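J.: Below you will find the structure I want to go over with you.
The values are calculated or read from the model by the stated rules, or taken from the named source; none is laboratory data. Bear in mind that the values here come from a model prediction, so they are computed numbers and not experimental data. Here Cβ is always computed from backbone atoms with ideal geometry, including for glycine, and neighbour counts include all displayed protein chains. These area figures cover heavy atoms from the full protein model, side chains too; ligands, DNA and RNA do not enter into them. Shrake-Rupley method; radii C 1.70, N 1.55, O 1.52, S 1.80 Å.
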Amino acid sequence: MGIWSCGGNTSNSENETQSTDVQTAEMSTLDKEHRLEMVSYADSVNRGLLVDTVTGSARLEVEGQVGNTLVTINHGSPGVRGRVIWNGLVSYDQVWVSGSHWATAVTFSHDVTVNGVDIPAGIYALFTIPGREEWTWIINTNYDQHLAEEYTESEDLVRLNVKPIALENTVQRLNYEVMETGNRSGIIALSWDKIRIELPFQFE
């Protein structure tokens, strides 16, 4: 007596693919952004190895050692993909998550100073207010929030106005860097499209 399945012509590999598709569809946006293939994809796009055709963002984590301080930035990395970014996708003069979806989180392993304000070691949110001629960096205590939906100015630790730097080449996927710039000083830099902004800080 034979036993037949309703899907007798479906291979195990096809079943596994269908199962993976279902699992992916059920993921939250944040979970999808953390997939390793998305992280690798965003990196390849910025290195010019791929043309950016994927609509989603990747959740990237960048680390930089400056003196005795390890700075870690966890952020969403949306793509340009032919869109108008500044005063288009991202509005001027409004608090922006400076990435995508969940707030951009910065962790300092040791105390730092930003614009004369002492910032204790810990994890914080990095927001910005983009402008045509000037941007505002914001370090806020509430890093665990979606976009800027729960942003409250009273939770700001520091604000700093900076001039945006025009770039010759387009940065396709939003990117952060951490660099040491001198004796007990460093910067956090955000680059996307043809704009770069820098947040200077000091450390012991």
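J.: Go through the range 79-88 and give me each residue that's exposed (fewer than 14 other Cβ atoms within 10 Å of the Cβ) and within 22 Å of residue 39 (Cβ to Cβ).
T.: Residue satisfying the conditions is 83 alone.
J.: For residue 203, indicate whether it is in contact with a His (Cβ under 7 Å, 6 or more places away or on another chain) and not acidic (Asp, Glu).
T.: Yes, satisfied.
J.: Tally time: how many residues in the range 89-117 are of a type in the set (Phe, Trp, Tyr), at pLDDT 95 or above and surrounded by 15 or more Cβ atoms within 10 Å (Cβ to Cβ)?
T.: Final tally of qualifying residues: 2.
J.: Here is a further query. If you check every pair at least six apart or on different chains, which have Cβ atoms under 6 Å apart with a residue in the range 178-204 that is within 14 Å of residue 131 (Cα to Cα) first and a residue that is open to solvent by 60 Å² or more (accessible area, probe 1.4 Å) and at pLDDT 95 or above second?
T.: Hits for this filter: 196/165.
J.: Assess whether residue 119 counts as being touching a strand residue (DSSP E or B) at 6+ places or on another chain (Cβ under 9 Å) and within 24 Å of residue 170 (Cα to Cα).
T.: Judged against the criteria, residue 119 is not a match.
J.: Would you kindly identify the strands (runs of 3 or more DSSP E) lying entirely within the range 43-121 that contain at least 2 residues that are under 15 Å from the mean Cα position of the chain (by Cα)?
T.: Filter on the range 43-121 gives 58-66, 69-77, 104-108.
J.: A follow-up question, please. Being in contact (Cβ under 8 Å) with a residue 40 or more places away in the chain and more than 26 Å from residue 46 (Cβ to Cβ) is true for just one of 106, 90, 114, 97. Which residue is that?
T.: None of the other options fit; the residue is 114.
J.: So which residues in the range 45-77 are within 22 Å of residue 188 (Cα to Cα) and either surrounded by fewer than 15 Cβ atoms within 10 Å (Cβ to Cβ) or touching a helix residue (DSSP H, G or I) at 6+ places or on another chain (Cβ under 9 Å) (or both)?
T.: Selection gives 47, 57, 58, 59, 60, 61, 63, 65, 68, 76, 77.
J.: Still on this structure, I have one more. Go through the range 158-177 and give me each residue that's in contact (Cβ under 8 Å) with a residue 40 or more places away in the chain and under 19 Å from residue 138 (Cα atoms).
T.: 158, 159, 160, 174, 175, 176, 177
J.: Hey, can you tell me all the residues within the range 95-137 that are closer than 17 Å to residue 152 by Cα and of a type in the set (Val, Ile, Thr)?
T.: Once the filter is applied, which keeps residues that are closer than 17 Å to residue 152 by Cα and of a type in the set (Val, Ile, Thr), the range 95-137 yields 95, 97, 104, 123, 128, 129, 136.
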